[in-house]
Amino acid sequence: MSDTLTTILLNDTSAQKQMDVLLEQEGIRRDGNLDYTCGLFDEDWKLAATASCFGNTIRCLAVSNDRQGEGLLNQIVTHLMEVQAERGNTRLFLYTKPKSAKFFGNLGFYEIARVEGNLVFMENRRRGFGDFCSALEKARWGGRSAAIVMNANPFTLGHLHLVERAAAENDTVHLFVLSEEAGPIPFAVRKRLVEAGTAHLPNVVRHDSGPYIISSATFPSYFLKDEDTVIRTHAALDLEIFGKIALCLNITQRYVGEERTSHVTALYNEIMATRLPELGVECRVVPRLEARGKPVSASTVRKYIHDGRLEDIHPLVPESTWNYFTSPEAQSVIEAIRREKNVIHY
């Protein structure tokens, strides 16, 4: 039997339909974040196997029931690794069901963390996560240490309130800024605004999150049955990884902002409040800073920018953030925010 390995294009409706059927057979729905998809077709152009990429991740893998055991997944993953190498991505990550983890181990992937019964997070570097933790240990200071993880999209007075609270109550605060590009404000800008907004706090150590703290925007939800399961699994995976990071830095507190409006964040916080103490880390929920009787949030800031109400963000952000958004440099970011269909996170 002669198979053909080829790219599946978005305008190839026949191949796209076959792909959806094949994914559904595996209990998978198509991920909303894909930037390359390929398929193995038999001589009658019936789809035998498919897999996709997003950034430097591999996802949405499936093999037809009647072709399993023929090494097709090996072929297709090898092809994706070649595609990624052509893109300059030699460091690869994948998410898979626990039953498939051994197979990917045979292809050179190593487990980082797992959520039992739901998913395993893997990478193709044996020492990848270990090296990340070793680098973090160089920033380990003495005394009482806390952590904050934030997207800072953009950095607001609410974020600053949380960081100042943690800095006042601890000897060291390790502030992780999500480094994935998961929105209209680039990481380089978000990082710069965090650095400028917290420059007056000498006990705050700023870190890029790297590839191990995964954003909800790019977390793979395609093999989880419903939205709450997605949120719970994402939180569980994040906390498994964070627990290992906390050990490296002797972190005993994690600070989070109280959430009143976002279902996703509220559920995430609820899971943290249960799981973190099991990892030896206290979960400190800090009431949201308010302005004009409403909680200060990055979503509100983005909404004002989106709606052309730039002046309204001034009471909600530090001067460094305000100065950036009123500078010519910010014009392209402002335009990107205005092009977004939905800037509020629920």
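The values are calculated or read from the model by the stated rules, or taken from the named source; none is laboratory data. Values in this document were obtained by computation on a predicted structure and should not be read as measured data. Note: ideal-geometry Cβ built from the backbone for every residue, glycine included; neighbour counts use all protein chains shown. Heavy atoms of the whole protein, side chains included, go into the accessibility calculation; ligands, DNA and RNA do not. Shrake-Rupley method; radii C 1.70, N 1.55, O 1.52, S 1.80 Å.
The residues of the stretch 27-40 that are touching a helix residue (DSSP H, G or I) at 6+ places or on another chain (Cβ under 8 Å), surrounded by fewer than 19 Cβ atoms within 10 Å (Cβ to Cβ) and farther than 15 Å from T57 by Cα amount to a single one, R29.
Quick check on N250: is it more than 24 Å from the chain's Cα centre (by Cα), under 28 Å from A196 (Cβ atoms) and open to solvent by 30 Å² or more (accessible area, probe 1.4 Å)? Taking the combined requirement at face value, the residue does not satisfy it. In this structure, L276 qualifies as touching a Cys at 6+ places or on another chain (Cβ under 6 Å) and open to solvent by less than 80 Å² (accessible area, probe 1.4 Å). Within the stretch 1-26, the set of residues being under 20 Å from L80 (Cα atoms) and open to solvent by 90 Å² or more (accessible area, probe 1.4 Å) comprises L9, L10.
Restrict the check to the stretch 137-156 and report whether at least one residue is over 18 Å from S209 (Cβ atoms) and open to solvent by less than 40 Å² (accessible area, probe 1.4 Å).
Keep residues of the stretch 137-156 that are over 18 Å from S209 (Cβ atoms), which gives 141-144, 156.
Restricting the remaining residues to those that are open to solvent by less than 40 Å² (accessible area, probe 1.4 Å) gives 156.
Yes, the stretch 137-156 contains a residue that is over 18 Å from S209 (Cβ atoms) and open to solvent by less than 40 Å² (accessible area, probe 1.4 Å).
Scanning the stretch 145-195 for residues that are modelled with pLDDT under 95 and of a type in the set (D, E, K, R), we see that the one that is nearest to the chain's Cα centre (by Cα) is E180.
Of all residues in the stretch 94-127, those being touching a helix residue (DSSP H, G or I) at 6+ places or on another chain (Cβ under 6 Å), modelled with pLDDT of 90 or more and more than 16 Å from K244 (Cβ to Cβ) number 0.
One residue stands out among those in the stretch 263-281 that are small (G, A, S) and either assigned to a helix (DSSP H, G or I) or closer than 15 Å to M150 by Cα (or both): the one that is modelled with the lowest pLDDT, which is A266. Among the residues of the stretch 78-85, is any buried (at least 17 other Cβ atoms within 10 Å of the Cβ), closer than 30 Å to S179 by Cα and of a type in the set (G, A, S)? Within the stretch 78-85, not a single residue is buried (at least 17 other Cβ atoms within 10 Å of the Cβ), closer than 30 Å to S179 by Cα and of a type in the set (G, A, S).
How many residues does the stretch 220-247 hold that are crowded, with 16+ Cβ neighbours inside 10 Å, at pLDDT 90 or above and either in a strand (DSSP E or B) or not small (G, A, S) (or both)? Full working, then the answer.
Going through the stretch 220-247, the residues crowded, with 16+ Cβ neighbours inside 10 Å turn out to be 220-224, 230-246.
So of that shortlist, the ones also at pLDDT 90 or above come out as 239-246.
Then keep just the ones that are either in a strand (DSSP E or B) or not small (G, A, S) (or both); that gives 239-242, 244-245.
Going through the stretch 220-247 one residue at a time, the tally reaches 6.
Restricting the search to the stretch 92-102, which residues are of a type outside the set (G, A, S) and open to solvent by less than 70 Å² (accessible area, probe 1.4 Å)?
Within the stretch 92-102, the first condition is being of a type outside the set (G, A, S), and the residues that meet it are 92-99, 102.
L92, F93, L94, Y95, T96, K97, P98 - these are the residues of the stretch 92-102 that are of a type outside the set (G, A, S) and open to solvent by less than 70 Å² (accessible area, probe 1.4 Å).
Cβ-Cβ under 7 Å, sequence separation 6+ or interchain: first residue in the stretch 42-61 and open to solvent by 50 Å² or more (accessible area, probe 1.4 Å) and modelled with pLDDT of 90 or more, partner part of a loop (DSSP other than H, G, I, E, B) and among the hydroxyl-bearing types (S, T, Y). Which pairs? Pairs that qualify, where the first residue is open to solvent by 50 Å² or more (accessible area, probe 1.4 Å) and modelled with pLDDT of 90 or more and the partner is part of a loop (DSSP other than H, G, I, E, B) and among the hydroxyl-bearing types (S, T, Y), are E43/S2. When the stretch 10-29 is filtered for residues that are at pLDDT 90 or above and not hydrophobic (A, V, I, L, M, F, W, C), the ones remaining, listed by number, are N11, D12, T13, S14, Q16, K17, Q18, D20. When residues in the stretch 1-26 are screened for being within 11 Å of A62 (Cα to Cα) and either out of contact with any Gly (no Cβ under 8 Å at 6 or more places or on another chain) or hydroxyl-bearing (S, T, Y) (or both), 7 of them pass. Starting from the stretch 174-185, take each residue that is under 21 Å from V343 (Cβ atoms) and list its partners that are of a type in the set (K, R), counting only C-beta distances under 6 angstrom and pairs at least six apart or across chains. Between residues of the stretch 174-185 that are under 21 Å from V343 (Cβ atoms) and residues that are of a type in the set (K, R), the close pairs are V177/K191.
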